[in-house]
Structures are given as C-alpha cells and as structure tokens.
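Below is one structure, written out as structure tokens, with a few remarks after it.
Computed from the coordinates by the stated procedures, all read-outs in this text should not be read as laboratory data. Just so we're clear, the structure is a prediction, and the values are computed from it rather than from any experiment. Please note: Cβ atoms are built from the backbone with ideal geometry, for glycine as well, and neighbour counts cover all protein chains shown.
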Amino acid sequence: MDFTYYYRETSDQIVNVSVPETSGFQQLVTNAGSIENKGVEVGLNLVPIQLNNSLRWEIYTAFTRNRGKVLEIPEGLERFNVRNLFGGGVTPVIEPGQPYGILRGSVSARDDEGNLLIDPSSGMLFEALEQAKIGDPNPDFLLGVTNTISFKGFTLRALIDYRQGGDIYTTTVERLLGRGVTKDTEDRDASRIVPGFLGDPNTGLPLLDEDGNKIPNTIQVSTNDLYFQNGGGSFGINAEDEWTVYDGTTIRLREASIGYTLPQSTLENLPFGRVSITITGRNLWYNAPNIPKYTNFDPEVNGFGSTNTQGIEYASAPTTRRYGINLSVTF
Amino acid sequence: MNKLLTIYLLAGLFLMSSCNEFFDINDDPNNPTEASVDLLLTNTELTLVNSLGMSTSGLSAMLSVYMHQVTRRQGFDAYNVLGTDFPITQSWSQFYSIALEDMREIKNIGTEQEAWHYVGIAQIMEAYAYSQMVDVWGNIPFLEANTSPDTFTPVLDEGEGIYPQLFTMLDEGIANLEKSSSLSPGSDDLIYGGNVNNWRKFAKTVKLKLYNQLRLVQDVSTEVNALIPEGDLIGDQSEDFELAYGQTQSPDNRNPGFIADNLGTRIYYISVWFYETLTGQNEEILDGITDPRVPYYWYNQLSESGTPQSPAEYRDGAFLSIFFGSTGPNQAGLQDQSQTILGMYPVGGRFDDGGAIAPTQTDAPGDIPQRILTHYARLYIEAELAIAEVTNGDPGALLESAMRASFAKVNEVAANYDAKTQDAPPQISDEDIDTYITAVLTRYDAGDNDEKLEIIMTQKWIASFGFAVDAYTDYRRTGYPLIYDPNTDNLSFTNASKNFPTILPYSATEVELNPNVQQQNPTQTKVFWDAN
C-alpha cells in the first residue's frame, strides 16, 4: 500500500492577468499570485485469491483527492480570467479563496431567499444583472480500480474509473434539450410550471400582493418553451449559463481485456518463443447519473483539451470507444 | 609588426561584435514597440467609427433595433439588453483598449514631436468618443481610464462632471490645430484626408450637439448663440464626419454593416414600424405621406408575387420582415433569400430597382461611408434649438433646409454608387423632394410647438438610418420620434416584458474584472441630461 499526502504552495508564477479594458489594455503579463494544493494519494494492492491451480485475482485501487485554493492575486483585482472566452459568456476565473479555474457566468434573477423570480408576462425566468459563480470543474476525488483475474494461460483485466463531482458547462446537452431531439424532453406539448415567485423584470424584485406577500408562480408554459426561448430565460437554448452546467460524476469501464498465452508445451515444435493474443476495449461503458440520461453525453469531453481551461465544452466531438486485437509472437 | 596586426585584428573583432546587431534576437522587427502617429491615427478612426456604427460589434447594431429602424432575432430584441450582449462588450473594449489608448499614444508622441495637428485631432476624437460613451452609459471611467500602469482598475466618474471637461478638450484640440505642426495628416486620415479646417468645423459642431443635449438641464443659450453666428460649423455634406470604406474582399475593407447583412447570414430585418412610417401606412406618424427614399433605404429580395422560403410573419407586397418582440410561430423561419435587407443608403447594399434577386457580395459595392455627424444632423440640431427657443432661428426654415440636406445626402450616395450588376440608380427628382417636403411642412405648420418638435425629431430619425446612437439619445431627451410599443399593438404574439432601456448596461467583462464598476439596471438609471 502506498500513501502520499502533499501540500504545495506555488507563488509568483508568470501569468497573463486579464485586466479591465478601461486600463487601456486587456492583459498584463506579470509575476503574481499564490495558490495552494493539498491532497492525498492512496494506492492499494489486494490479492483476495491465489490458488495452486494458478487462479489469481488481484485488485489494485488508486484514490486521488486534491484540494486547490487560490490564496492571492495581483493587488486591486477581484479576480481574473484563466482564458478570455466569448465576451462575457461563461468564463473560467481565478479568484482568491476559490479553487483554480471556477466557472462564472450569467444566472437567473432570484429573490433574497434564493427563490427563482418569474417574468409574469411569459412564465419564464429572467437574467440577473450581475454574473456569479456557476460551477467548479475540479472533481472531489478520483478512484480507479483494476481487477486482474488470471488462470492458466488466460488473463482477464478490467479498469473501472469513478469520478466524484467536477462540473461541466456543455452546449451539446443545451442544444439537444433545446432542439428536443432526445427522449429527455419528449413530451414537448405538456404544460409545466416553473417553481418560483413572480418578479418584475425591470427592477429584479419580487412582485407583492396587497398583503405584501410574494406571489407564487402559477403560469403554465409548454415543455418546448421551457427549453427554447428566443429572449432568454429557458433551461436549454438561450438559457442563463448556470442551467447549462451539470455535475460530471461518472462511473466508467475504462478498459477491459482478455488475453491468452499459449502454453510452452505446445510451442516446442514451433519456431516461436512465445505466442499470446489479447482482445482489448477502451471506454466500453459509462454512466453519468447527473447528466440528462438520453443525451448520452460523456462529461470527459473538454473543449480545450489538456489546458488550464477545464469544464467547458462547446459542441465538441464525443469521446471514442476503441477495440483492439493484439497478437504477440516472439522468436 | 605581427604583434601590431594581432592587436588590430582583435580590436576589429571587438568593434565588429559591439556594432553588429545580427545576434540581437530580442528585437522583433515584425512587432515594433514604438508606433508613429500616422499609423495610429488610421486605426483609431476606424475603431471609433466601427464601434458606433452598424458593424455587428457597433452600438448601432443594437440601438437601431431600439430605435425601430431594424429588427433582429437576437437576445437583445424586446429591450432585453444585457451586459453580455456582443455590441456592448465589443464596443466597450474597442473604445477603451484600442481607440482611447491609441489617442493617448498619439497625444504623447505628437507632443514630443510637436506634431500638433495629430494632437488636436486626437483630442477632438477623444472628446467625441467620451461624449457618446456618456450618452449611452452615463457614469464611466474617465479620469483614471487609460492611465495604466498607474491604475488598472479605474473608478467611475459622473457623466455630469465629464461633459464640461469635454468642451475644454475640444477647445484645446481646436487650438492645437491652429499651431504649426511638424507633421500633418494626409491619406492616413480616413475621415477628412488631413483637412484641419474640417476637423475644426467638426469639433465646433460636436460642441453645438453637446450644448443641445444639455439644454433640458442647463441654460445653454449664451454658448449656442455665440457658436452659431461664427458660421464655422459643418457647412455642407462634403464636410460630413463619415468614414468611407472600400470594395476589397481580402483584406475586407467594406462597410461592416454590409458584411453583416449582405453576405451569408442576414442579421437585419427592416423594422415594420419604420417601413409603415416611410410608406405612409403608420397611423401615428406621417400617415399618408410616402417617402421617395424607400428604394434607396432597403432592398426587397422578393417580387410582389414571389413566394418566401418560409411562411412570412409580416408581408406587404414585396416587403417581408418580422415584428419587434415577437414570439410568433413564423418569427424564426429561414428567410435569408426572402427578407427585405439593408439597401444602398445605410451600408452600400443594392439599390432597389424592383429586380427582386437575392444579392450576393458581387451584386453591390458595400463601400458606402458610415455616417456619424453630418451637415443635415447639424441643421436638425439648429431646428431643435430654434423650436425650443434657445435661439431666435426660424425652426420651420431650418427644418426645411435640414430635410433638403437629408435628400441631398441620399442623392450624393446614389451618385457615388458603383452599380455593379444593375443600372445606375436615378437621382431623387426635385419634384418628388418638393412634394414630400411640402406635405411634411403642411403638417408642421398646422401643429403646435410639441407637434413641431415631433416632426423635427422624426425627420432627423428617418435621415439617420444607418447610425442610431444619436437617435437613441434624441429619443430619451425629447420623447420623439414615437416608437413602436409591442404591448399595445393588438398583436398577441408581440411583447416586451422590460421597459425601454434609458441607459445601457456596462460590459459584463468590465463588471467581472473591475471591482470599482458595479452593473447598472438599464430601466432604473438615466443619463444626467435625461430630464424626462
């Protein structure tokens, strides 16, 4: 068993700091800031079964948990962008007290108790004046379990990955729900009522009845309108950014393989030293319970690849499933 | 002897290595660190004009929707203006991080090199840019703006306090134009070709415009009555402040409004309200008066009997469009080859000769200038000042000359129009102009003072087609022209749940990054001169 605990503080890195444009510039390259990362890594190897007839079952478990926190950024700034995206849309930012690269974007208007406010003329949401934090792409922890069962010349191996948390902003899901092409929103003509209280889109404050109480929303809207609005306020196309962020928890059969190595006895009359054949499959199955089921969206897709920008996906190509056959012969 | 030679050789080697910059790889000749004023000026002018005009990133792209000259199927339809809207984030960025920053640089370098004409032009453009920014955003970063590295997070200054400093800036600019200058602009000046007299007249016309905008909150009669008799304002349309574009596709130097609307996706529909006003069908404005400028303003891709690609939301003869604030079933149908599009006068699109084709980029030149501050606008300002009794001028006569100047501008554009695949457009005849002007002036003469003001502002709005920032300001000051109200038009599918925005929200990018800027509510805040 391996166990690692680490704590690392990094400071005065060279960074591109996005500065307010009223300074005359968009970016300042400087040495600045500090960030801490702490976490644990555990590796555990178990062999529950090992028999004389060569049956062996081995389980290797790897657990990783990292907690990052931005401690300090250049003086005077509240936050800055990891990357400037499309002018004011969802943006990954660096903000003191928060993990690295949290997502900020537009949110729906709410009252002071956090209830959604509803536009009385449409029965839909409307946008709040200021943007807010809408997600954290960093997972809570990662777990990988490799099972290996071998018997005589056969080897069966399976790697199961589990990721807890880690938000993703995904326009793929937004479009699928908005256009109504998946079963998630199949009953497009049914009426729904968005839970919340009526609000005034001009002031952003809740409307009150004659007794001074907030008025619960009772306006029916069709499911179609719920996911596609021209003027914003939906949960799909033209939604505020917060509704396009999903929890990326996933369990995945990362890799499975079955292999067979010919016994030495059969090779005696052949010119080969060793012969083995393996059938492998990668990314065979996954389940992301908090993503709308029929979109089959894989939260591992990332629009910006292995960069500092994580948790944002703009209709990228889906992940692939691969099969392979491996024949290995030595002389 | 040998020894001496060795010393010479060694000395030579040292000298060579110290003079030779061959290995100086830290200097990138493709990215100069110092600019010259002439190179800066061109880009400054282009950026300033594009952030105000009909380019997708220009303020008119949004404000001409709110002034009901065009309609767009975008988030900011139905007055749903947000700090994330493209024209807002982009124009904010272009103003501060390109135009104003370049002007600061021109002023610095120009002062050092005693290139006073450049300094003067930069000051005049800076004052104009700030005036437009105060007019749409109210309180903005001013004193601390563009002062990096001293500060990267400028605070907001009150619009009311900025305005007087703009007059000072304009006066200093005018004074610098009078000085002898080590360098003078020529073809690098895309607007006036280096003509400093025109720059002076522009500066004074900006002063007149700003005094007029102040008239509801401040007595400006002394200043105005000193300025007009000088006779040093934009005097005819050759002195208009406008930026001419080219016809080149690569690099693309065509009018950005033309690029947005006449190629590929068409983003602008013509407002039904504007259409019905100009065709004499709007019961509330100029009812029964047909405007001869119609075929110059927009182009019908359909013939009267043509079948549109999708069911039409609004169709009148060859004209096809959608309503403002619409949630109707046909609002979103694909109409790119059927809808009526921006024509010759606003962006250099095709003149409507009734040919009913779907123009491609080779069917129209796209080089018509983006108008910003024109001779006709100056005359409308004077007419407004006269009807408000700030001056003793004859408002009716000024209105007539303003309307004549408006028609002359359309005819100028028609005369310069490169007709490509169609016959050259005719001039609007004097007879048609007289008929129209007589009809308008008859209404004018019959109206009370308020109705007279309405007619002046309405004519200014019609003439401004293609540049909507001033119309937006005029509407908020005077309440005219009357604009479309989607909530009272008896159509069940048009609606605006928000009120008319009396101010624009700040760029969301600025609010996110600058702790000194809090977002403002567009329906709950006003610019200081907005006394209504």
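From most to least packed by mean Cβ count within 10 Å, the peptides B:475-487, A:255-267 give B:475-487, A:255-267. The lysines within cross-link reach of A:LYS293, meaning a Cα-to-Cα straight distance under 20 Å and a gap of 8 or more places when in the same chain, are A:LYS183. Ranked by the mean number of other Cβ atoms within 10 Å per residue, highest first, peptides A:110-118, A:3-11, B:384-392 order as B:384-392, A:110-118, A:3-11.
What is the mean number of Cβ atoms from other protein chains located within 10 Å of the Cβ atom of each residue in peptide B:509-522, rounded to a whole number? Display every interim value, and only then the final one.
Working: counts 12, 4, 5, 13, 16, 8, 5, 4, 2, 2, 4, 1, 4, 2.
Rounded to a whole number, the mean comes out at 6.
In summary, the aspartates and glutamates within cross-link reach of B:LYS452, defined as a Cα separation below 20 angstrom excluding same-chain residues under 8 places away, comprise B:GLU283, B:GLU284, B:ASP287, B:ASP291, B:GLU382, B:GLU384, B:GLU389, B:ASP394, B:GLU400, B:ASP434, B:ASP470, B:ASP474. A Cβ-based charge dipole, computed about the Cα centre of the protein assembly as shown with Lys and Arg at +1 and Asp and Glu at -1, lands at about 4400 debye. For B:LEU320, nonlocal amide neighbours, meaning residues 5 or more places apart or on other chains whose placed amide H falls under 5 Å from its own, are B:THR340.
Have a look at the DSSP beta bridges in chain A and tell me what percent are antiparallel, nearest 5.
Numbers: 101 of 107 bridges.
The antiparallel fraction comes to roughly 95 percent.
Averaged over the residues of peptide B:92-105, the number of Cβ atoms from other protein chains lying within 10 Å of each residue's Cβ is 3. Based on every Cα atom in the stretch B:256-478, Rg and the maximum pairwise Cα distance Dmax equal 17.8, 55 Å.
Which of the trypsin sites (Lys or Arg not before Pro) found in the stretch B:103-182 are loop residues per DSSP with 14 or fewer other Cβ atoms within 10 Å of their Cβ?
Working: sites: B:ARG104, B:LYS107, B:LYS179; in loops: B:LYS179.
Passing sites in the stretch B:103-182 are B:LYS179.
Excluding residues on the same chain fewer than 8 positions from A:LYS69, give the aspartates and glutamates whose Cα lies under 14 Å from its Cα. Here the aspartates and glutamates satisfying the reach criterion relative to A:LYS69 are A:GLU9, A:GLU36, A:GLU95, A:ASP136, A:ASP140.
Anything in chain B that counts as a DSSP H helix reaching 30 Å or more along its axis (C-alpha) with Kyte-Doolittle mean of at least 0.5? List them, would you?
Working: long enough: B:116-137 (31 Å, 0.30); B:395-416 (31 Å, 0.25).
Passing helices, by number: none.
Taking the fewest neighbouring Cβ atoms within 10 Å as the starting point, the ordered list for B:ILE428, A:ILE215 is A:ILE215, B:ILE428.
Under a 5 Å amide H cut-off, with hydrogens placed 1.01 Å from N, B:THR84 pairs with B:ALA508 among residues at least 5 apart or on other chains.
Please report Rg over Rh for the protein assembly as shown, where both radii come from the alpha carbon positions and Rh follows the Kirkwood definition.
Ratio value, two decimals: 1.07.
Under the shape rule built on the C-alpha gyration tensor, where the axes satisfy a ≥ b ≥ c, the stretch B:231-362 is oblate, since a/c reaches at least 1.5 while a/b does not exceed b/c.
Just order B:136-142, B:430-436 by mean Cβ neighbour count inside 10 Å, highest at the front, would you?
Numbers: B:136-142: 23.1, B:430-436: 14.3.
Ranking the peptides B:136-142, B:430-436 by packing returns B:136-142, B:430-436.
When +1 charges are put on Lys and Arg Cβ atoms and -1 charges on Asp and Glu Cβ atoms, the dipole computed for chain A relative to its Cα centre reaches about 2180 debye.
Using a 10 Å cut-off around each Cβ of peptide A:198-211, what is the average number of partner chain Cβ atoms that fall inside?
Details: counts 0, 0, 4, 7, 9, 4, 3, 0, 0, 0, 0, 0, 0, 0.
The shielding value for this peptide is 2.
Amide H contacts for A:SER234 (H built 1.01 Å from N in the peptide plane; partners 5 or more residues away or on another chain; cut-off under 5 Å): A:GLN229, A:ALA239, A:GLU240.
Using a cut-off of 18 Å between Cα atoms, the listed pairs B:LYS209/B:LYS460; A:LYS133/A:LYS214; B:LYS107/B:LYS204; B:LYS204/B:LYS409 include A:LYS133/A:LYS214; B:LYS107/B:LYS204; B:LYS204/B:LYS409 as exceeding that distance.
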